[in-house]
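Where a number appears in this text, it was derived from the coordinates with a stated rule and is not lab data. The structure displayed is predicted, hence computed values, not measured ones. Counting neighbours? That spans all protein chains shown, and the Cβs are built from the backbone with ideal geometry, glycine included.
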């Protein structure tokens, strides 16, 4: 695989995961349990959207076909997206949303810190800027997992169910392929498997504090990074891309 193609795919994975999760969090606007969380989720979504724009802008430049971040976000079908499956899962209850966020945040902060030392100066700069936001995201989602897990019987049950249900989508975060290998060899990216043990250690620690049980090992879903998604992504994109698809080239 050519370095440029591998870098393009790598940047899509980073940008698409941030973009799709931002869209999911945006769905909570006006619906959160309390106004403070309505604002907090909107702000987290905006942080992720900003990260997505930086990754996708660079991806468009690397591709060299004249596509900018808007074209990549709004004019690709689901099979063209390279986000991990975890982020496209529906919001569900507040506990489901926070479990999804916690799993992702614990991975994303480590991924960004690893990328901060990238041999690609642009990748390193984006990662360094984004890591500051990701640190706050992890602090917030950790706090909520503990509060809900070690709260009432109802909140504990809901949080445990969410942790269990989303566990099958976490394995993909640590699986490498030819794209990852090419980026490691070029000094641009990191070995996904190297993040698993520190991620798992943090997850265990937080779940213990939250009086929650770590899910048992089992089958892991995969395919998102290669463009194989659940049907849920199609519905998300139908809403996110509607304006641009219905009115091509529309601008504010």
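For this structure, a couple of remarks:
- Cα gyration tensor shape of segment 128-252, rounded if a/c is under 1.5, else prolate or oblate by comparing a/b with b/c: oblate
- For segment 3-246, the calculated P(r), taken from all Cα-Cα distances in 10 Å bins from zero up to the bin holding the longest distance, is 8, 33, 38, 18, 3, 0 percent.
- Counted by neighbouring Cβ atoms within 10 Å, the residues 220, 54 run from fewest to most as 220, 54.
- Net length gained if the chain between residue 204 and residue 36 were fully extended (0.36 nm per residue, minus Cα distance): 57.7 nm
- Coarse-grained scattering of segment 4-96 at q = 0.11, 0.20, 0.21, 0.24 Å⁻¹, given as base-10 log I(q)/I(0) from a Debye sum over alpha-carbon atoms: -0.34, -0.90, -0.96, -1.15
- A straight chain from residue 226 to residue 247 at 0.36 nm per residue would run longer than the Cα-Cα distance by 4.7 nm.
- Burial order of peptide ranges 115-128, 76-89 (average beta-carbon count within 10 Å, highest first): 76-89, 115-128
- Packing-based exposure ordering (other Cβ within 10 Å, fewest first) of 168, 41: 168, 41
- Angle in degrees between helix 94-115 and the longest Cα principal axis of the chain, rounded to the nearest 10: 50
- Tilt relative to the chain, helix 35-63 - C-alpha long axis, 0 to 90 degrees, to 10: 30
- Taking every C-alpha pair closer than 8 Å and separated by at least 6 residues, the mean separation divided by the residue count of segment 3-246 gives a relative contact order of 26 percent.
- Cα shape, segment 131-175, gyration tensor, a/c 1.5 rule: oblate
- Volume of the convex hull of segment 16-58 (Cα atoms only), normalised per residue: 44 Å³.
- Cα-based helix-to-principal-axis angle, 121-149 vs the chain, degrees rounded to 10: 20
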